[in-house]
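**Q** There's a structure below that I have some questions on.
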Amino acid sequence: MDKQAKIYVAGHLGLVGSAIVRNLQEKGYANLLLRTRAELDLTNQAATDAFFDQEKPDYVFLAAAKVGGILANNNFPAEFIRDNLVIQNNVIHAAYVNGVFRLMFLGSSCIYPKLAQQPMKEEYLLTGPLEETNRPYALAKIAGIEMCWSYNRQYGTQYLAAMPTNLYGPGDNYHPENSHVIPALIRKFHEAKIANAPTVTVWGTGTPKREFLYSEDMADACVYLMNLPDDEYNAYLGSDKAKNGTFTPPVINIGVGEDVTIAELAKAVKTAIGFTGRIVFDTSKPDGTPRKLLDVSRLKNSGWEASTQLTQGLQQAYADFLAANP
């Protein structure tokens, strides 16, 4: 990407989008198109079309989405499928109509089957049933991948779907009910520490395994991919079986390649926060998918690897939480 290229980061105030903006700015990209939800409602097709027609971005990072943890997915399944479908449909089509050079669609590892072989390769998409607790969100993201795939095949666009593993870091959502596991645990342990509580209760059995990627690393991978030469970048854009004998989605995994149990994670968060009480597991609450570890060999083979260790990332995330909640 040329340093003066017009780059639209949709969802620039969220965990993913804000990290991408910081990474772009650090690398010298100054011509960024940024709009808050109040300034541009991406669920409004006419408003989205008008924005693209007026601004004509060269590149798009589609990080705008309705996201949340298990509780939010259980409580608001209609919003999770409806809002995400509408946002990605509007943005991807407007990008095509207005000649966007490259678009990156940010998805989630929940697109893979609940009981997929581990670690999960990109080609495991659509090979088995999804985890029930976040199926509406996962189906919306799968539809976004299919849309990128279809536009690439029919119109020759360069739309890539990046699938990050579980993310955490600066700008995370620490809401007590609608947050993901790491920010939820940070808040729980912090509040227990302040209150001198004897215990902290963690949902589930503690046995599921999860992979966690620091958001700044994720952003660096996204910008790295968007800057690949055409021959390398186009190799990730999927293929049409009718044309070349293979049928692969335009997906690339972004992760660290290793995971920890929820119990191990809880202990690591406890240490980062400095809580001295006990951890109690509420086994009446759902565990979710037993294991979600991404196969990141394609990204690693291209020349990129994550650099932030979990213990370091948790300390930095807690510092961010304290800054936001003085």
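**Q** Under 5 Å between amide hydrogens, which residues at least 5 positions from VAL280 or on another chain qualify, with H placed 1.01 Å from N in the peptide plane?
**A** Long-range HN contacts for VAL280: VAL200, THR201, VAL202.
**Q** Something else now. Grab the other residues whose beta carbon is less than 11 angstrom from that of GLU122, score K and R as +1, D and E as -1, and report the net.
**A** 0
**Q** Within 10 Å of each candidate Cβ there may be at most 14 other Cβ atoms; applying that plus a DSSP loop requirement, which trypsin sites (Lys or Arg not before Pro) in the stretch 4-59 survive?
**A** LYS27, ARG37
**Q** Return the loop-located chymotrypsin sites (Phe, Trp or Tyr not before Pro) in the stretch 246-301 (DSSP other than H, G, I, E, B) with at most 16 other Cβ atoms within 10 Å of their own Cβ; answer none if there are none.
**A** Details: sites: PHE247, PHE275, PHE281; in loops: PHE247, PHE275.
Of the chymotrypsin sites (Phe, Trp or Tyr not before Pro), the ones in loops of the stretch 246-301 whose Cβ has at most 16 other Cβ atoms within 10 Å are PHE247.
**Q** Further question on the same structure: Could you sort out which of LYS241/LYS300; LYS66/LYS270; LYS3/LYS56; LYS267/LYS292; LYS270/LYS292; LYS209/LYS270 sit more than 24 Å apart by Cα distance in this structure?
**A** Values: LYS241/LYS300 26 Å; LYS66/LYS270 28 Å; LYS3/LYS56 16 Å; LYS267/LYS292 19 Å; LYS270/LYS292 22 Å; LYS209/LYS270 17 Å.
Exceeds cut-off: LYS241/LYS300; LYS66/LYS270.
**Q** Report P(r) for the chain: all Cα-Cα distances, bin width 20 Å, range 0 to the bin holding the largest distance, values in whole percent.
**A** 32, 59, 9, 0
**Q** Right, something else. Could you go through the stretch 143-152 in sequence order and give the Karplus-derived ³J(HN,Hα) for each residue, using 6.51 cos²θ - 1.76 cosθ + 1.60 with θ = phi - 60°, rounded to whole Hz, and x for Gly and Pro?
**A** Per-residue couplings from phi come out as 5, x, 4, 4, 5, 4, 4, 5, 5, 4 Hz.
**Q** Can you tell me the length gained on complete extension of the stretch ARG37 to GLN4, counting 0.36 nm per residue apart and subtracting the Cα distance?
**A** 9.4 nm
**Q** In addition: I'd like the distance separating the alpha-carbon centroids of the stretch 254-287 and the stretch 222-241, in whole Å.
**A** One Cα centre to the other: 35 Å.
**Q** Express in whole angstrom the spacing between the alpha-carbon centres of the stretch 5-44 and the stretch 91-122.
**A** Distance between centres, Cα-based: 18 Å.
**Q** To the nearest 20 debye, what charge dipole does the stretch 282-326 have about its Cα centre, counting +1 at the Cβ of each Lys and Arg and -1 at the Cβ of each Asp and Glu? Walk me through the intermediate numbers first.
**A** Numbers: 5 positive and 5 negative charges, 37 e Å.
The dipole of the stretch 282-326 has a size of about 180 debye.
**Q** Using every pair of alpha-carbon atoms in the stretch 159-302, split the distances into 5 Å bins beginning at 0 and state the percent of pairs per bin, rounded to integers.
**A** Taking all Cα pairs of the stretch 159-302, the binned fractions are 2, 9, 15, 18, 16, 12, 9, 8, 6, 4, 2, 1, 0 percent.
**Q** Calculated FRET efficiency, THR246 and ASN196, Cβ-Cβ r, R0 56 Å, to nearest 0.05?
**A** About 0.40, to the nearest 0.05.
**Q** Work out the FRET efficiency for GLN309 and GLN154 from their Cβ-Cβ distance, taking R0 = 41 Å, and round it to the nearest 0.05.
**A** Once the sixth-power term is evaluated, E becomes 0.45.
**Q** Add +1 for every Lys or Arg and -1 for every Asp or Glu among the other residues with Cβ under 12 Å from the Cβ of LEU167, and state the total. Don't jump to the answer; show the numbers that get you there.
**A** Details: positive: ARG210; negative: ASP172, GLU211, GLU216, ASP217.
Overall, the nearby charge balance is -3.
**Q** Right, here's the next one. Counting only other residues whose beta carbon sits under 11 Å from that of THR43, what net charge do I get with K and R as +1, D and E as -1?
**A** Net charge around THR43: 0.
Readers should treat all values here as calculations from the given coordinates under stated rules, not as data from a laboratory. Values in this document were obtained by computation on a predicted structure and should not be read as measured data. Please note: Cβ atoms are built from the backbone with ideal geometry, for glycine as well, and neighbour counts cover all protein chains shown.
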